[in-house]
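Colleague: Can you keep this structure in mind? I'll have questions shortly.
Please treat every number below as a calculation from the coordinates, not as lab data. All values derive from a computational prediction rather than experimental measurement. When we count neighbours, we look across all protein chains shown, and the Cβ atoms used for this are built from the backbone with ideal geometry, even at glycine.
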Ligand code: C5P
């Protein structure tokens, strides 16, 4: 069976960076499932759809023309042939993703697409429901958290690097609102799988979290 490591948790916990570094170190494939929800939201916005229109947004999710291309050390994301790497990380895409991710037809439309990322020699998948719904048989399941304050500060740094203006209190409010929406929704709510290992990254460096994930893998492979 192809080994899978799932890394789930709330936004800003460091899942994306940790998943990319673990995948690079192991030479495994990477699934950034949040990007698929962000891209679905952007496709809906670009087509002028109301993001609460479940049928319309699910059709966007099904038809999503996306490409993830690894260029040097980073991933370039294209939507309908256009480079949307920066736009995918914007607050517009993040809030839109959180809205469309609550729609069961959208989650259903993205189910097979996510499973297709599972290819030899292995997959590292990050998101909210990787260990609970998409890859319930994953070899290693991590649930990565951090305090809301630490996550807001990390997000602020990322946005400043992207050249966006930042209000820390507003970011903290947005993070709490998104946590609430992700945890309270009925379709695949954000919660640790029963067999997930909980890791709190508030006081840990990225390198320490990566080391922790790799040591769990070694323990499982023995
Ligand atoms: O991880 P990221 O911040 O890119 O995810 C954006 C949004 O997509 C999250 O707030 C969440 O609502 C949704 N999402 C999800 N299930 C996933 C990945 C992301 O519901 N597996």
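Colleague: If packing is taken as the average count of other Cβ atoms within 10 Å, what order do 170-177, 49-56 fall into, highest mean first?
Modeller: Packing proxy ranking, top to bottom: 170-177, 49-56.
Colleague: Okay, next question. Given the convex hull of the Cα atoms of the chain, what is a quarter of its surface area in nm²?
Modeller: 11.7
Colleague: Okay, next question. Give, in nm to one decimal, the length gained when the segment between residue 149 and residue 67 is fully stretched (0.36 nm per residue of separation minus the Cα-Cα distance).
Modeller: Stretched out fully, the residue 149 to residue 67 stretch lengthens by 26.2 nm.
Colleague: Given labels modelled 7 Å from the Cα in the Cβ direction, how far is it in nm from residue 47 to residue 186?
Modeller: Label at residue 47, label at residue 186, 2.5 nm between them.
Colleague: A follow-up question, please. Throw me the Rg/Rh for the range 129-175, computed over C-alpha atoms with Kirkwood Rh, two decimals.
Modeller: Rounded to two decimals, Rg over Rh is 1.18.
Colleague: At what distance in angstrom do the alpha carbon centres of the range 133-159 and the range 164-222 lie from each other?
Modeller: 2
Colleague: Something else: Principal axis extents for the range 1-64, Cα atoms only, whole Å, descending order, please.
Modeller: Here the spans come out as 41, 28, 16 Å, largest first.
Colleague: A follow-up question, please. Please compute the contact order of the chain in relative form: average sequence separation of alpha-carbon pairs under 8 Å and at least six residues apart, divided by the residue count, as a percent.
Modeller: Once normalised by length, the contact order is 33 percent.
Colleague: If we sort 195-201, 99-105, 139-145 on the protection proxy, mean other Cβ atoms within 10 Å, highest first, what's the order?
Modeller: Those peptides, ordered most packed to least, come out 139-145, 99-105, 195-201.
Colleague: Right, next: Sorted by mean Cβ packing within 10 Å, highest first, what order do the peptides 120-131, 87-98, 183-194 take? If you can, show how the numbers build up before the last one.
Modeller: Values: 120-131: 23.7, 87-98: 19.7, 183-194: 14.6.
Top to bottom by mean Cβ count within 10 Å: 120-131, 87-98, 183-194.
Colleague: Right, something else. Along the Cα→Cβ direction, 7 angstrom out, place labels at residue 197 and residue 17. What is the inter-label distance in nm?
Modeller: Modelled inter-label distance: 2.0 nm.
Colleague: Report the normalised scattering of the range 32-108 as log10 I(q)/I(0) at q = 0.11 Å⁻¹, calculated by the Debye formula with identical scatterers on the alpha carbons.
Modeller: -0.24
Colleague: Per DSSP helix of 4 or more residues, -39500 (n - 2.57); summed, then divided by the residues of the chain. What does that give at 222 nm, rounded to the nearest 500?
Modeller: Only helices count here, giving -15500 deg cm²/dmol.
Colleague: Give, in nm to one decimal, the length gained when the segment between residue 78 and residue 55 is fully stretched (0.36 nm per residue of separation minus the Cα-Cα distance).
Modeller: Full extension from residue 78 to residue 55 adds 5.9 nm.
Colleague: Share of Cα-Cα pairs in the range 58-143 beyond 20 Å, in percent? Before the final figure, lay out the partial values.
Modeller: Details: 1613 of 3655 pairs.
Result: 44 percent of Cα pairs exceed 20 Å.
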